[in-house]
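Below is one structure; the comments refer to it alone.
The values are calculated or read from the model by the stated rules, or taken from the named source; none is laboratory data. All of these numbers come straight from a predicted model, not from anything done at the bench. Neighbour counts run over all protein chains shown; Cβ positions are idealised from the backbone, glycine included. Just the protein is used for accessible areas: all its heavy atoms, side chains included, with ligands, DNA and RNA removed. Shrake-Rupley method; radii C 1.70, N 1.55, O 1.52, S 1.80 Å.
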Amino acid sequence: MFGQQTHPQILGPSTIPSTMFGIHQGGMAGCDGPPYDYAFSDVGAMTLRTWYSCHIYWAGMNPSDGVFDFAKLDTLLAAAKTAGMADVYLQLGNTPAWISQNPNDTNCDEANGFCQPPSDIDPNGAGTDLAWRTFIQALALHVTDPVYLETHAAVPYWEIWDEIYRSDTLSNYVCATTSCAYRGTFAQILRMTQDMRCILKGIADEPITGLNKTCGTAGYGQIGLDKTAKTMATDAETYPPSASAVFENFLRCDQAPPAGSMCTWSPRNPLGSNATDMIVLHIYTGQAIYPERFIFSISQFRGMLSAADQRKPMISGEGSWAKNDNQTDPNLSAGFVPRYYLTLWMSGITRAYWYAWPGSGTGGVGGLWSPTPIKFGQGGQHLSCEHFDSKTNGYWCTGATAYAQTVKWLSGANVVGWTCPPGGCGVHRVYLGVYTFDISDGSGYQGEIAWDNTQKAPCRNHQCGKTPYTAPSYTTQWRDLRGRIHKGKPTRIGAEPILAENFSRSTLVH
């Protein structure tokens, strides 16, 4: 059909888990003050990443030596549990001023000194790392308590630092132009990763390289507090190349790390890789409106990894269309959402955290919800957020409606296969044309999601586009991204995916 390339290989599990659909909350009532006291997301996401939500990072939860404040974390994890979320991905980072190597550094993200390593770790990774270890131990004891977990979401994923590639010590990034996220050495971030991993997983023979000891011989107070935890130091981007190079250097030190960055391991002794359970990418389209281009860029990034790292789960820790002013039409914004998730699945991504739920407005990123109504075009607005939602006392944007439908279409569905334009599916840079994505389940349900990303006209007509489309023979009805069911077979498609199916799958029944 359409001269497409069939791609039956399933890179991820054959069934799409509900945890494929993650989200960033941003501000929240009970832990962020006005004007950021928003209601918790109700868009259908099943997992949450915490970065900057409720000031949940090291500096926010450990304001002084030996003092820990987990109250805001408790509020967020309780809200996630109430919302039925399966788990939470905890993003740490930001060194507290009291232990920062340079608390007056004005080139750091968010606050002075945040991007500096702790002063009790030497550049080569030696030192006690006592402040970080004490914090991680207290935090792990808090969130793994069985009684606590009865009312709070579990935290199985632990990442130390956000975007360390924004660094003038690990790359040629210029912190004076755009503030840095990290200004330490590779050895220091490795030490923090190994220490956290030891406290959580307690694998006795794993190294604590900076001490020339192992987890079992380092003499740490409590280890193995959550043996099932997944640990990551940081994340990568597929572009620019310098970002992926920093990530690869952390794993194996094989991309010409800068002098003085203390990247002393190698592909033969990949210390960073050995401390990494999952590969995390941040995946934004920026000014481009085509998420399908990720199929090629992610395949190229995957090819850079070692065979061992290629076998690890790969997730998108955050991503979306990036700044809202990249958007030109609210309906195309809606179409972007399922295309984003579908193409990430085609690329082997098994979780994807949308950034961000309350990111509406002219300066926002990936906005799905607004506390006040937004009309496209008025006051320079690039989104339409006009569907009032009584649960959150705010307004869903068109992307939120599409997100909810995407979850219903795909969560728990078996993936049969997909097709891409000729030369697509990651083989070449080609990504323009017609795509189909076929699903089923054990009840006899069959469905095909189809779209043509060369179409820029939104779904304002009954058939949602102008490209001729032959629906599968089993089709008796089709769905659009507003949740409407249309009887019969669709005959045209456009930039907004539609779902042709033989009957209503149980998760789709309203």
Which percent, nearest 5, of DSSP beta bridges in the chain are antiparallel?
60
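Given axes a ≥ b ≥ c from the Cα gyration tensor, I'd like to know whether segment 352-395 is rounded (a/c under 1.5), prolate (a/b larger than b/c) or oblate. Mind showing how you got there, number by number?
Working: a/c = 2.33, a/b = 1.06, b/c = 2.20.
Oblate shape, in that a/c is at least 1.5 and b/c is the bigger or equal ratio.
Hey, with R₀ at 41 Å, roughly what FRET efficiency would Arg429 and Val147 work out to, going by the Cβ-Cβ distance, to 0.05?
0.20
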The chain, helix-only ellipticity at 222 nm - DSSP H runs n ≥ 4, -39,500 (n - 2.57), divided by all residues, nearest 500
-6500 deg cm²/dmol
Whichever aspartates and glutamates have a C-alpha closer than 15 Å to that of Lys489, once near sequence neighbours (fewer than 8 apart) are set aside:
Glu448, Asp480, Glu501
Roughly what angle does helix 330-346 make with the longest principal axis of the chain, taking Cα atoms, 0 to 90 degrees, to the nearest 10?
60
Accessible area of Lys227 in the full protein assembly, 1.4 Å probe (Å², nearest 10)
140
Nearest 10 degrees, 0 to 90: what angle lies between the long axis of helix 186-201 and the longest principal axis of the chain (Cα atoms)?
80
As I understand it, the value is the acute angle between the Cα axis of helix 398-410 and the longest principal axis of the Cα atoms of the chain; what does it come to in degrees, rounded to 10?
90
Mind listing the long-range amide H neighbours of Val416? Cut-off is under 5 Å, sequence gap 5 or more, other chains count too, H placed in the peptide plane at 1.01 Å from N.
Asp438, Ile439, Ser440
Taking a threshold of 24 Å on the Cα-Cα distance, which of the pairs Lys375/Lys456; Lys81/Lys323; Lys227/Lys408; Lys201/Lys312 fall above it?
Lys81/Lys323; Lys227/Lys408
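Quick one: accessible area per residue over the chain, 1.4 Å probe, rounded to a whole number of Å²? Before the final figure, lay out each step's value.
Numbers: 18740 Å² over 510 residues.
On a per-residue basis, the chain sits at 37 Å².
Over all directions, what mean area does the Cα convex hull of segment 82-202 project, stated in square nanometres?
Working: hull surface 33.5 nm².
For the Cα atoms of segment 82-202, the hull's average projected area reads 8.4 nm².
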What aspartates and glutamates sit close enough to Lys72 to cross-link, taking a C-alpha to C-alpha distance under 18 Å and skipping anything fewer than 8 places away on the same chain?
Asp32, Asp37, Asp87, Asp145, Glu150
On alpha carbon coordinates alone, what is the Rg over Rh value for the chain, Rh being the Kirkwood radius?
0.98
Taking a ≥ b ≥ c as the square roots of the Cα gyration tensor eigenvalues, with a/c under 1.5 meaning rounded and otherwise prolate when a/b beats b/c, else oblate, which class fits segment 376-467?
oblate
Given labels modelled 7 Å from the Cα in the Cβ direction, how far is it in nm from Gln300 to Lys213?
4.5
For q = 0.10, 0.11, 0.12, 0.21 Å⁻¹, what log10 I(q)/I(0) does segment 290-427 give under the Debye formula with an equal point scatterer on each alpha carbon and no solvent?
-0.38, -0.45, -0.53, -1.23
Hey, what's the Kirkwood Rh for segment 29-132 if you take every pair of different alpha carbons, in angstrom?
15.1
